[in-house]
1. What net charge do the residues around K118 carry, taking every other residue with its C-beta under 14 Å from that of K118, with Lys and Arg at +1 and Asp and Glu at -1?
2. May I ask you to list the residues of region 188-230 whose amide nitrogen lies under 14 Å from a point 7 Å from Cα along the Cα→beta-carbon direction of S49?
3. Quick one: order F81, F225 by neighbouring beta-carbon count within 10 Å, fewest to most.
4. On a C-alpha basis, how far is the centre of region 141-208 from the centre of region 84-129 in Å? Whole number, if you could?
5. Lys and Arg at +1, Asp and Glu at -1: add these up for the other residues within a Cβ distance under 15 Å of T62 and post the number.
6. Please report the antiparallel percentage of the DSSP beta bridges confined to region 107-244, to the nearest 5.
7. Report the gain in length on full extension from T114 to H196: 0.36 nm times residue separation, minus Cα-Cα distance, nm rounded to one decimal.
8. Once the Cα atoms of helix 141-154 and of the chain are each reduced to a long axis, what angle between those two axes, in degrees from 0 to 90 to the nearest 10, is obtained?
Amino acid sequence: MHARLSLLPLQLEDVGYSVNGQRLIGGITLRFEHGAPTLVLGPNGAGKSLLLRLCHSLIQPTTGKVSWLGPSGRNPQSRRFDQAMVFQKPVLLRRSVLENVEFPLKLRGLNATTRRDKAMAVLDRVGLAGLAQRPARVLSGGEQQRLALARAWALEPQILFLDEPSAALDPGATRQVEAIIESIAASGTKIVMTTHDLGQAKRLADDIIFLHRGSVAERTPSAEFFNQPHSDAARAFVQGDLTW
């Protein structure tokens, strides 16, 4: 990743989000720095996807504050391109595979030759260069997710939010996606990712944020979380006893 002013750290201070007076998430205080991947775990309805959307500024908190504290964090244009998010179901344009990757590079102001070269390079890294001219929406589920990751990676984001990117994939496609995530992290991008797959969390995570009933029950190094979780809720979750 080329040198530029840092967007990170990202700070959440007592963040909450409510709809029609019902609290969905609350009391969230977290800090994300550059470094190895952070995975967000928790039962259904714990607020995992909502947390990522708050971090990515897709929605605004109803209480508390989300702040980018790095030197470039005060620049809205930097925040637009220096962070990215990939969803469980990829959002793809009705264009070719190549054009899907080129589009955000065009928005960033890259000329046609540069964005074509950059797009082809990242498609090669995710194994899709041979499908560059194919319509994106006819790809298999695993190929679509790899394309979504490639499109995000092409922007060289400082932080990438991933919302269960392999939840609908078979084991082979899941492993391909995990390998890409590991490569993105190795390139210098901070990964913050939700998953229901405990095995995946063990393979990818440096640290774990465990959410329960809309709050952070604990944040723990990965090995410690799986070997000796601190909270009763996390202990039950790891043992398969906590479902809500």
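1. +1
2. Label zone hits: 194-196.
3. Listed from fewest to most nearby Cβ atoms, that is F81, F225.
4. Spelled out, the Cα-based centre of one part sits 16 Å from the other.
5. Computed value for this residue: +1.
6. 55
7. The span from T114 to H196 would gain 25.7 nm if fully extended.
8. 80
Rule-based calculations on the coordinates, nothing more; no lab input. Keep in mind that this is a model prediction, so the values were computed, not measured. Neighbour counts run over all protein chains shown; Cβ positions are idealised from the backbone, glycine included.
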